[in-house]
Amino acid sequence: MTAQLLSERVDSTLVLTISNPEARNALHPDIYAASHEALEVAARDDAIRAVIITGADGVFCAGGNLNRLLGNRARPRSVQEESIETLNHWIETLHAHPKPIIAAVEGPAAGAGFSLVLACDFVVAASDARFVMAYVKVGLTPDGGGSYELARMLPRQLASEMMMEGKPVDAARLAQLGIVNRVVPPGQALVEPTRLAEQLGRESPNAVRGIKALINHAQNATLTEHLAAERDSFVAALHHADGGEGISAFLEKRKPNYR
């Protein structure tokens, strides 16, 4: 069975499932390509309010396929460079996507699978999920933005521990570190993200999109630059139809009806 990305629409949520059972849902360029297409469609479809990324058969993602990587050693370096560039484009697409992206993690999220989790806006993980940056165990260094995210999210010493020791970390510890939003019982990691997606779907799509853009902007902006971005975003939101509906609904003590 080949590596594939399964796509399913559940009400206002798009669920993308990594499926590569023979390799514990290892990533493959075919998955990157399918994800690009699915995310582009979701970005244009106003009826889709959130995207969930998960893995099939109780495994989130084992990262890169070591057999494929070993084979690439005998090919020109450009082959692996192109593969990683495609992965990088996927990661950048997740960050820039206008809809919230939720990782639903059962089982292991290893290597680039962990990097994929870190690129999502929300992370819901089963209590027995395991996260590992084990590149060092096979003489490699991180890709997919894993080192970028961990170095920004954690103190230097913790980032060094996770990447240089390459030991598994459980969901509870990542929740304590602020990386995992919610820890749920095993087998329930897709249930809670579906509820979260439904909740987000009831909020103003314009406001959610604007907040995500501000979070992205804050990563590299000065305070002065970000204050200006907040100003512009706030004024735009106030004069958007969602702003009028949200304020009116609050004052009239009713639920807003965002379109």
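For this structure, a couple of remarks:
- Checked against (1) surrounded by 15 or more Cβ atoms within 10 Å (Cβ to Cβ); (2) in contact with a Phe, Trp or Tyr (Cβ under 9 Å, 6 or more places away or on another chain); (3) assigned to a helix (DSSP H, G or I), Leu69 meets all criteria but (2).
- Selected residue (criterion: surrounded by the most Cβ atoms within 10 Å (Cβ to Cβ)) from residues of region 151-203 that are in a helix (DSSP H, G or I) and of a type in the set (Val, Ile, Thr): Thr194
- Only one entry in Ala103, Ala42 is in contact with a helix residue (DSSP H, G or I) (Cβ under 8 Å, 6 or more places away or on another chain), under 23 Å from Arg182 (Cβ atoms), outside the structural domain of Leu214 (by TED's automatic domain parsing) and at pLDDT 95 or above, namely Ala103.
- In region 136-150, the residue that is surrounded by the most Cβ atoms within 10 Å (Cβ to Cβ) out of those that are without any contact (Cβ under 8 Å) to a residue 60 or more places away in the chain and in a helix (DSSP H, G or I) is Gly146.
- A single member of Ala228, Ala207 is surrounded by fewer than 18 Cβ atoms within 10 Å (Cβ to Cβ) and either of a type outside the set (A, V, I, L, M) or touching a residue at least 12 places away in the same chain (Cβ under 8 Å) (or both), and it is Ala207.
- Flag: Gly64 matches the condition of being touching a strand residue (DSSP E or B) at 6+ places or on another chain (Cβ under 7 Å), crowded, with 19+ Cβ neighbours inside 10 Å and at pLDDT below 95.
- Residues of region 8-21 that turn out to be surrounded by fewer than 16 Cβ atoms within 10 Å (Cβ to Cβ) and either polar (S, T, N, Q) or touching a residue at least 60 places away in the same chain (Cβ under 8 Å) (or both), as a count: 2
- Screening the candidates Arg173, Arg156, Arg182 for the property of being in the same structural domain as Asn20 (by TED's automatic domain parsing), touching a residue at least 24 places away in the same chain (Cβ under 8 Å) and of a type in the set (Lys, Arg) yields one hit, Arg182.
- Every listed requirement among (1) under 19 Å from the mean Cα position of the chain (by Cα); (2) in contact (Cβ under 8 Å) with a residue 40 or more places away in the chain; (3) over 21 Å from Ala109 (Cβ atoms) is met by Glu37 save one, (2).
- Within region 13-32, considering residues that are at pLDDT below 95 and in contact with a helix residue (DSSP H, G or I) (Cβ under 7 Å, 6 or more places away or on another chain), the one farthest from Val191 (Cα to Cα): Pro29
- Residue in region 232-246 that is touching a Pro at 6+ places or on another chain (Cβ under 6 Å), surrounded by 11 or more Cβ atoms within 10 Å (Cβ to Cβ) and part of a helix (DSSP H, G or I) present: yes
- Residues located in region 121-135, provided they are farther than 22 Å from Leu94 by Cβ and either loosely packed, with under 15 Cβ neighbours inside 10 Å or within 15 Å of the chain's Cα centre (by Cα) (or both): Ser127
- Across region 137-157, the qualifying residues are those that are among the aliphatic types (A, V, I, L, M) and in contact with a helix residue (DSSP H, G or I) (Cβ under 6 Å, 6 or more places away or on another chain), and the one among them that is nearest to Pro168 (Cα to Cα) is Leu150.
- Matching option when the condition is surrounded by fewer than 22 Cβ atoms within 10 Å (Cβ to Cβ), in a helix (DSSP H, G or I) and of a type in the set (Gly, Ala, Ser), among Ala34, Ala47, Ala42: Ala34
The values are calculated or read from the model by the stated rules, or taken from the named source; none is laboratory data. Note that the structure is predicted; figures quoted are calculated from it, not measured. Cβ coordinates were reconstructed from backbone atoms using ideal geometry, including for glycine residues, and neighbour counts include every protein chain displayed.
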